[in-house]
Amino acid sequence: MNAKKLCLALGVFLLPLHAGAAAGEEVNVYSHRQPFLVQPLFDVFTEQTGVKVNTVFARKGLVERLKREGANSPADVILTVDISRLAESAEAGVTQAVRSRKLRRNIPRAYRDPRRHWFGLTTRGRIIAASKERVQPGEITRYEDLALPKWRGRVCTRSGKHIYMVALTASITAHHGRDGARQWLAGLKNNLARKPQGNDRAQVKAIRDGVCDVAVINTYYMGKMLSDPRQVSWAESVFMIFPNQDGRGVHVNVSGMAMTRSAPNRANALRLMEFLSGAVAQQIYAEQNHEYPVKKSTPLSGLVSSWGEFKSDELALARIAELRGEASKLADEVGYDN
Ligand SMILES: [Fe+2]
């Protein structure tokens, strides 16, 4: 197997780090986020600072790789999505605390680790998509409604064990307690039109196909579907509902970053992290994937701003991280995926 095939087999998109500028003039990034999202940012960073960014892209397994490499790892910064992956990295002992006034200023408290190991960069709302044909505006307004008997046989979701669903269940647990969350999840399961399957976009396709009437998805998938000619009709069959606007607000999750424990280029790693939280990078980063910048007052993309303003749940993501194990257990307890 040649190097390229090996990388593909491992889910690595590009060849690993190559020798670059002299030490101190580079920074090494391990990224679960795809090249098209982050490369434009790195290009601007290098232009502004002269610091070269070397990147390893992989779909999964970067924390395992960091553990394997230990103190010898060349990685300085990791980029990933979802609070569970960020928390996982910190719990695995492969990250270090970062003190930075800039990061504190740019990133709202709810979206960063109180122990300073991880920092959110973009947010995404977990929203309800509803059939334009079969659901009236105002008919469903809260996550709690998804469990009401009215929606029996009309809901589609992905696996209850997927990190996006686990985070939502964790948020329900934070607000309604364990018993409340169990009841909610059991009610939601009862309302499913089919066994949980597929990704978020597959749920919208199922609405287009008449399999179900409402689904739970992340906001940016609406943008992704609209920019894929084969999926435009999926997106156009639904309208977006930002839940719980009369109460706590929409459950949001993040993409984010952390500095590795062994970072050989610590100063440049900090420069890159601060740059990513700053105005220029925030705008580019959020636009690339139809997400929301964490830094307040950063302009939104045209499409994302057309979705309108909404209230977000201010619950700290650190709390979601704490409850994620319990939430995942609840999915087993109610047999969500069976
Ligand atoms: Fe996603």
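The values are calculated or read from the model by the stated rules, or taken from the named source; none is laboratory data. Predicted model, so just to flag it, every value in this text is computed and none were measured. Note that we place each Cβ from the backbone using ideal geometry, even for glycine, and neighbour counts take in every protein chain shown. Just so you know, the surface numbers come from the protein's heavy atoms only, side chains and all, with ligands and any DNA or RNA stripped out. Shrake-Rupley method; radii C 1.70, N 1.55, O 1.52, S 1.80 Å.
Of the helices (runs of 4 or more DSSP H) lying entirely inside region 36-108, those containing at least 2 residues that are touching a helix residue (DSSP H, G or I) at 6+ places or on another chain (Cβ under 6 Å) are 83-91, 101-106.
A count restricted to region 317-331 and to residues that are among the hydrophobic types (A, V, I, L, M, F, W, C) and open to solvent by 40 Å² or more (accessible area, probe 1.4 Å) stands at 0. Summed over region 226-243, residues that are open to solvent by 10 Å² or more (accessible area, probe 1.4 Å) and either away from the ligand (no atom under 15 Å from the Cβ) or basic (Lys, Arg) (or both) total 12. For the criterion of being under 26 Å from residue 87 (Cβ atoms), touching a helix residue (DSSP H, G or I) at 6+ places or on another chain (Cβ under 9 Å), at pLDDT 95 or above and open to solvent by 10 Å² or more (accessible area, probe 1.4 Å), residue 196 passes. Residues considered: 198, 249, 223. Of these, the only one that is of a type in the set (Gly, Ala, Ser), away from the ligand (no atom under 16 Å from the Cβ) and within 20 Å of the chain's Cα centre (by Cα) is 249. All of (1) over 30 Å from residue 193 (Cβ atoms); (2) not in a loop (DSSP other than H, G, I, E, B) hold for residue 329 with one exception: (1).
Do we find a residue being within 16 Å of the ligand (Cβ to nearest atom), more than 13 Å from residue 127 (Cβ to Cβ) and not β-branched (Val, Ile, Thr) anywhere in region 205-214? Show your work before the answer.
Taking region 205-214 and keeping what is within 16 Å of the ligand (Cβ to nearest atom), we get 205.
Next cut, more than 13 Å from residue 127 (Cβ to Cβ) only: 205.
Those left that are additionally not β-branched (Val, Ile, Thr): 205.
Yes, region 205-214 contains at least one residue that is within 16 Å of the ligand (Cβ to nearest atom), more than 13 Å from residue 127 (Cβ to Cβ) and not β-branched (Val, Ile, Thr).
For the criterion of being open to solvent by less than 30 Å² (accessible area, probe 1.4 Å) and assigned to a strand (DSSP E or B), residue 259 passes. One residue stands out among those in region 118-158 that are surrounded by 22 or more Cβ atoms within 10 Å (Cβ to Cβ) and in a loop (DSSP other than H, G, I, E, B): the one that is nearest to the ligand (Cβ to nearest atom), which is 157. Residues that are within 25 Å of residue 228 (Cβ to Cβ) and away from the ligand (no atom under 16 Å from the Cβ) within region 159-195 comprise 193, 194, listed in sequence order.
If you go through region 27-65 and keep only what is without any contact (Cβ under 8 Å) to a residue 24 or more places away in the chain and basic (Lys, Arg), you end up with nothing. Taken over region 273-305, the criterion of being more than 14 Å from the chain's Cα centre (by Cα) and of a type in the set (Gly, Ala, Ser) is satisfied by 277, 278, 279, 281, 297, 301, 302, 305.
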